[in-house]
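Have a look at the structure below, then the notes.
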Protein chains: 2
Amino acid sequence: MKNMIGFFLLIILLTFLSHSLLPEEGMWPISEIHKLDLQSKGLEIDLKEIYNPEGLSLIYAVVNVGATGSFVSPDGLILTNHHVAYGSVQAASTKEKDYIKHGFLARDRSEEIPAKGRTARITESYRDVSKEVLSVVKKRMSFVERTKAIEKKMKEIVKKTEQKNPGKRAEVAEMFPGKTYVLFIFTFLRDLRLVYVPPRSIGEFGGDVDNWMWPRHTGDFSFMRAYVAPDGSPAEYSPKNVPFHPKKYLKIASGGANEEDFVFMLGYPGRTYRHRTSHYLAFEEEIRMPFVVDWYGWQISVMQKMGEKDRGVALKHLSRIKGLSNTMKNYQGKLTGLKRLQLTAKRQEEEKALREFIGKDKERKAKYGDILERVGKIYEQIREQAEYELVLDYIRRSVNMIYFGYTVYEAAVELQKDDLERESAYMERNFPQTKRRLELTLRNYYEPTDKMIMKEILMRAANLPQKHRIPAVDDIVKGGKPEEAIDGFIEKAYAETELDELGVLIDSMTKSSQKLKEMNDPFLKLAKALYPTYQKLKETQEARKGALDELYALLIDVKKQFLKKDFIPDANRTLRLTFGRIRGYDPADAVYYNPITTLDGVIEKTTGVEPFDTPQKIFDLYKAKDFGRFMHPELKSVPVCILYNMDTTGGNSGSPVLNGRGELVGINFDRAWEATINDYAWSEKYSRSIAVDIRYVLWVTQKYGGVDFLLKEMNVFK
Amino acid sequence: MKNMIGFFLLIILLTFLSHSLLPEEGMWPISEIHKLDLQSKGLEIDLKEIYNPEGLSLIYAVVNVGATGSFVSPDGLILTNHHVAYGSVQAASTKEKDYIKHGFLARDRSEEIPAKGRTARITESYRDVSKEVLSVVKKRMSFVERTKAIEKKMKEIVKKTEQKNPGKRAEVAEMFPGKTYVLFIFTFLRDLRLVYVPPRSIGEFGGDVDNWMWPRHTGDFSFMRAYVAPDGSPAEYSPKNVPFHPKKYLKIASGGANEEDFVFMLGYPGRTYRHRTSHYLAFEEEIRMPFVVDWYGWQISVMQKMGEKDRGVALKHLSRIKGLSNTMKNYQGKLTGLKRLQLTAKRQEEEKALREFIGKDKERKAKYGDILERVGKIYEQIREQAEYELVLDYIRRSVNMIYFGYTVYEAAVELQKDDLERESAYMERNFPQTKRRLELTLRNYYEPTDKMIMKEILMRAANLPQKHRIPAVDDIVKGGKPEEAIDGFIEKAYAETELDELGVLIDSMTKSSQKLKEMNDPFLKLAKALYPTYQKLKETQEARKGALDELYALLIDVKKQFLKKDFIPDANRTLRLTFGRIRGYDPADAVYYNPITTLDGVIEKTTGVEPFDTPQKIFDLYKAKDFGRFMHPELKSVPVCILYNMDTTGGNSGSPVLNGRGELVGINFDRAWEATINDYAWSEKYSRSIAVDIRYVLWVTQKYGGVDFLLKEMNVFK
């Protein structure tokens, strides 16, 4: 009897260990999830309920709306992040009706307003097309030819598929570069409407200060609804449209989740770089990210200084500062993570072991013996060229007027080509979007700031060493004093240009090269002078990609042999599953973060000054302890955000966080600062992502918003 | 049998509760500690071992060296904070021998160097002298007369006592203002020498950034030694002097302390304000502290801007910025604490209950019925005058040249009086110190900054409402445009003054009023014009203090009756005992701080840039895991700092943290940010103070400093 108890205890212990201590890394493609024993980790439903090509499954409830969202009712109600809907809410706002500030509520379906520019893609099916794609690769192709041929083939497959499936959208995703390619077919909905959006003081509480941070107290959620034509087919907005009925929608777990609970997530993570070598990590850590942090920091400080004197200017710069500092904070987090985890050194050690493994077998040595060295050589070139390429790249990206001039100039060149031959931005399916981006940039254009940025980046270009001259910049300086020459050029160019007028700019986008020449605009002339340099840069980069793709494909082969395990491809905006547990962490010596925050923290952080202002009604509800059914039983307050060790990256915004029964417990919206390292490696110590707790979503919607009918639509009230 | 077990469990539970959950508030005067049942809390030694007027006790091991220190060897070795010794270390440093940067080590006693300006006071005895002090108070005295009479009497008792006890120092401390007064007699040692001081990168690691912060990683300790004349009597520095043999020195607990261990502390806490009413708290919260935070913040930003262009100027401003930002950060912490704990509202509720208690009894009502209202009235006046008084006060305190002029002018007035009649700064025993302060201020004087500060504060004065005019400022403006007039005055005054020359300044300190008049210095003329205004301010403040002292004495009487308990007086730089436990806390929603930090955190925080630079040798020792006997058994690293809920305030710096056996486990040096609230109230939630762990002191001293002989002297090696 005693032995039996011991035996059972052992079983319990082992079960516990297997449940809680195994690493939970991975953004798994749906095609790979059958390799996971999710049931042993805590999944209570059948894998087929997650993906089943022959029937209904959860993936039909997940939509790509830029980032991710999910259907939560039979009538096409979508729950996603506040920051995902932000652009549409802003576009629908006017001075009189400021939906960002006050939030938006449609009291019935007739009051729902279009979420401009927003579309929803639902993954319908996928198919491996590696063979077809790689069939175009010929033995003696140069790396550039190879890259171009593959890209063209991918475009062809997409075009063919979309023609065969009217109303659907297709995409070929590169899973392992140079190795595996998958064709996805999506249902593509184009009539999305806003339903309920909380005010900025809830949906964006903490703003940039709390961005990338835990503990978090942001109610980052909003409701939209998808509409289709009366016959059920996807259609543009029309008042006659009817709610879309998704094949599947998520059940709400109104009790939320608790510490150490098993959770999983479906979503569209953007990009990761986990299969890259130490050379890449060292380049990022030592050269590229420090350059970008410095350059973005400089631009931010200029924009802040310009904004100090004039609130109007400050508002113009707001979203650009937000974007730059988001990236900057992300990179700073990555740099910290790389240092703390000593990631580059660890990868070097792994590579050393791999080298030894390769060296042990003659055949292996012949095939793989020089891969790492060849990757290293390419990164030596990249390093050597880095400053030149970065400066060159940011001339076009950071200076609005050069961006305008260059885009217009390039459009004229590209539009003469066949659609499939064009740069993606100028293909028919993408051209409207490209014009919209110009328009948005011009809306926030401010000449004095643009001049300062142009001067700074041109000065940096003028100071590049002799072997890295940019002819167009040398033409400006003409061997004289760089500062004088650049100042003179800028004064004249900004005075003369007409591309800063919206009408002129958009008209120019469809003009022929000849007509553009006749405009005689200084920024078009500059674009023309820069064009061959950018073309050369593009060819260099394509050649590098071609060479690296081939090497990485080989590297993965040999790593599989060495580690005797399969790998999953880096994130690439395709549907993935990740799983893990609600779990806190130690961000620093003597500090522990709990995985659940509460309304107490909202009150605590509130200063009354943006981004830490809170509506009075929230205070009143808090004082009255009017927590409804959404109080956490131990914390005695409404949970606001939850933290977990799942493997996420940008693009997972809005992803549903699901419990073991596949019910919605939260909406993913961010990572903890140290987890920016996810792009290079997942770490049990630091990889933590953040969701708004479903209990906060429901509490705010019911108690603050007074929107009982949405809770009824979601079946939270029976 | 079963019942017995239940009973024992109950006993254990009750013991646990009484040990760990009782509030541990209080800075107890040594005369009161017999009221505490410290044994039940965890004290393992007899109370007589802490204080025993008839024999040896721990208090003889505690010295006041500005803040607090303690003897740790029979040969007068003193362990205190790095920041307490800082001034002396800086004074002993030269460009060639930078002891702040590199640390200081005397390899034997002959190498020990004088700790300039530093003295040590050891509490020898104390006696209640309330009756004698209050004997001078006559019935019909005005409040001003009363305050002056008491102050004079205190000075008389000190003088008489010091005459009777040659070589000793005496002090009358006001325990409960207007109520109880205690005479302390101190042994006064004047020859202190530096023995071992770690480099700034250890002793000040984290600098201003980490100041007032937990988790902390500062090795804030240093060793000094006290010397006396060969006959054992206190003496000024002489090479013939010999080490002082204290009556008692502390035993070192080289194993340190652990979470939840009982600890106590002896030291000289500065000032607390716990007996003040809600009117005082509201005034601090709403008016005084916000004014000071704003004014100090303005000065800091000016000094930083001036320093940006010139490293020499930056160095001049360094210690002043440090001082101002220390106070500013402290006030910001207090403001946060007041808000979080809703302290003013809570005190108002207590006062409401007290009022009801008073109202219930006719006699009580007659005696105490209007106390709170009268205190309230005084604070109404204080509020009404606040801006005027604050601006007036900071004219003299913030502008160096006005401070010089005013001190010189006031010295001439005061030196004509009898010693006991003088303002304390000009009494014979204090005059050298006053001159030294002028000298130190002049050393870091920078005219352009001083002009900007003068302009700003005079502009604020010029903008005061009509009823609060400062005649000296009106004289400058003369009804013209304030900015023009003030600019003109400043230009002329700074050009003409000679008080910015050290020789002139110090000479002027002993000149007669007539001689000063002949100097015709613009800042002496300004001082003369300001003098009557400051005299009037002083009288107003003395009258207020007299009135408030009387009211507070009554308030404490009735509070004792109401709450049926004794109170202990506010901290007043006299010897106090406090006790508590090593304990972490929750600083914010979802965040927990552990009470012990380790060397891991030092490594983690190190960026290589001051104040987060760390000597290479520390890195090497860490990598080699050369932790000696000082590794924490669970944390597997050397503990660096410890946190506890003891009740401390400024002045407790350097205080010994002792375990239940009275052995040294740490040296107190700071409070956590939220614990700045201690000045108003102790809170189990937020009151946490910080010590450097004795294990870190010993590890750094042995492994980094290589100073084995000090560990032997302290008996850490047997």
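Observations
- For region B:414-460, filtering for residues that are out of contact with any Pro (no Cβ under 9 Å at 6 or more places or on another chain) and within 30 Å of B:Gly479 (Cβ to Cβ) leaves 12.
- Inter-residue pairs, beta-carbon under 7 Å, first within 14 Å of chain A (Cβ to nearest Cβ) and in region B:336-355, second among the small types (Gly, Ala, Ser), 6+ apart: B:Leu341/B:Ser683
- B:Ala571 vs. criteria free of Cβ contacts under 8 Å to residues at least 40 places away in the same chain and under 30 Å from B:Lys685 (Cα atoms): no
- Verdict on B:Leu22 being under 29 Å from B:Ala681 (Cβ atoms), modelled with pLDDT of 55 or more, more than 26 Å from the chain's Cα centre (by Cα) and in a loop (DSSP other than H, G, I, E, B): no
- Some residue of region A:398-407 being on the phi < 0 side of the Ramachandran plot and surrounded by fewer than 15 Cβ atoms within 10 Å (Cβ to Cβ): no
- Single residue of B:Leu516, B:Leu554, B:Leu577, B:Leu537 found to be at pLDDT below 95 and more than 14 Å from chain A (Cβ to nearest Cβ): B:Leu554
- Matching option when the condition is buried (at least 24 other Cβ atoms within 10 Å of the Cβ), within 14 Å of chain A (Cβ to nearest Cβ) and either touching a strand residue (DSSP E or B) at 6+ places or on another chain (Cβ under 6 Å) or among the charged types (D, E, K, R) (or both), among B:Ile694, B:Ile642, B:Ile667: B:Ile642
- Sole exception among (1) at positive phi; (2) surrounded by fewer than 16 Cβ atoms within 10 Å (Cβ to Cβ) for B:Gly103, by number: (2)
- Answer residue from region B:606-631, given it is free of Cβ contacts under 8 Å to residues at least 24 places away in the same chain and basic (Lys, Arg) and is surrounded by the most Cβ atoms within 10 Å (Cβ to Cβ) among those: B:Lys625
- Of everything listed in (1) of a type outside the set (Val, Ile, Thr); (2) surrounded by 15 or more Cβ atoms within 10 Å (Cβ to Cβ); (3) over 34 Å from the mean Cα position of the chain (by Cα), the single unmet condition for A:Arg460 is (3).
- Hits in region A:482-519 - residues which are hydroxyl-bearing (Ser, Thr, Tyr), buried (at least 18 other Cβ atoms within 10 Å of the Cβ) and not in a helix (DSSP H, G or I): A:Thr497
- Among the candidates A:Lys605, A:Lys564, residue that is on the phi > 0 side of the Ramachandran plot and basic (Lys, Arg): A:Lys564
- Among residues of region A:581-605 that are more than 7 Å from chain B (Cβ to nearest Cβ) and in contact (Cβ under 8 Å) with a residue 24 or more places away in the chain, none has a Cβ under 6 angstrom from a residue that is part of a helix (DSSP H, G or I) and among the hydrophobic types (A, V, I, L, M, F, W, C) at a sequence gap of 6+ or on a separate chain.
- Output for region A:38-74, where each listed residue is touching a residue at least 40 places away in the same chain (Cβ under 8 Å), touching a His at 6+ places or on another chain (Cβ under 7 Å) and assigned to a helix (DSSP H, G or I): A:Lys41
- Residue check: B:Thr497 meets all listed conditions (1) touching a Pro at 6+ places or on another chain (Cβ under 7 Å); (2) modelled with pLDDT under 95; (3) not aromatic (Phe, Trp, Tyr) but one, namely (2).
Results for (1) over 20 Å from the mean Cα position of the chain (by Cα); (2) closer than 30 Å to A:Ala588 by Cα; (3) acidic (Asp, Glu), shown as yes or no for each residue.
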residue	(1), (2), (3)
A:His217	yes, yes, no
A:Asp220	no, yes, yes
A:Ala226	yes, no, no
A:Pro230	yes, no, no
A:Ser233	yes, no, no
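- Boolean, B:Gly546 is in contact with a Lys or Arg (Cβ under 6 Å, 6 or more places away or on another chain) and more than 13 Å from chain A (Cβ to nearest Cβ): yes
- Members of region A:380-433 that are closer than 18 Å to A:Lys451 by Cα and without any contact (Cβ under 8 Å) to a residue 12 or more places away in the chain: A:Arg397
- When residues in region B:269-326 are screened for being in a helix (DSSP H, G or I) and under 22 Å from B:Tyr379 (Cβ atoms), 18 of them pass.
- Selection of region A:307-334 for residues being within 17 Å of A:Asn400 (Cα to Cα), surrounded by 15 or more Cβ atoms within 10 Å (Cβ to Cβ) and of a type outside the set (A, V, I, L, M, F, W, C) yields A:Lys316, A:His317, A:Ser319, A:Arg320.
- As for region B:653-663, it holds no residue that is within 12 Å of chain A (Cβ to nearest Cβ), of a type in the set (Val, Ile, Thr) and in contact with a strand residue (DSSP E or B) (Cβ under 7 Å, 6 or more places away or on another chain).
Residues checked against (1) in contact (Cβ under 8 Å) with a residue 60 or more places away in the chain; (2) small (Gly, Ala, Ser); (3) over 23 Å from A:Glu387 (Cβ atoms); (4) part of a helix (DSSP H, G or I):
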| position | (1), (2), (3), (4) |
| --- | --- |
| A:Arg437 | no, no, yes, yes |
| A:Thr441 | no, no, yes, yes |
| A:Met454 | no, no, no, yes |
| A:Met459 | no, no, no, yes |
| A:Leu464 | yes, no, no, no |
| A:Lys467 | no, no, no, yes |
| A:Ile476 | no, no, no, yes |
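- Only one of the numbered conditions (1) in contact (Cβ under 8 Å) with a residue 60 or more places away in the chain; (2) under 28 Å from the mean Cα position of the chain (by Cα) is not met by B:Gln535, and that is (1).
- Residues (surrounded by fewer than 24 Cβ atoms within 10 Å (Cβ to Cβ), of a type outside the set (A, V, I, L, M, F, W, C), within 14 Å of chain B (Cβ to nearest Cβ) and in a loop (DSSP other than H, G, I, E, B)) located in region A:198-239: A:Gly206
The values are calculated or read from the model by the stated rules, or taken from the named source; none is laboratory data. Keep in mind the model is a prediction, meaning the values are calculated, not measured. Virtual Cβ from ideal backbone geometry, glycine too; neighbours counted across all protein chains shown.
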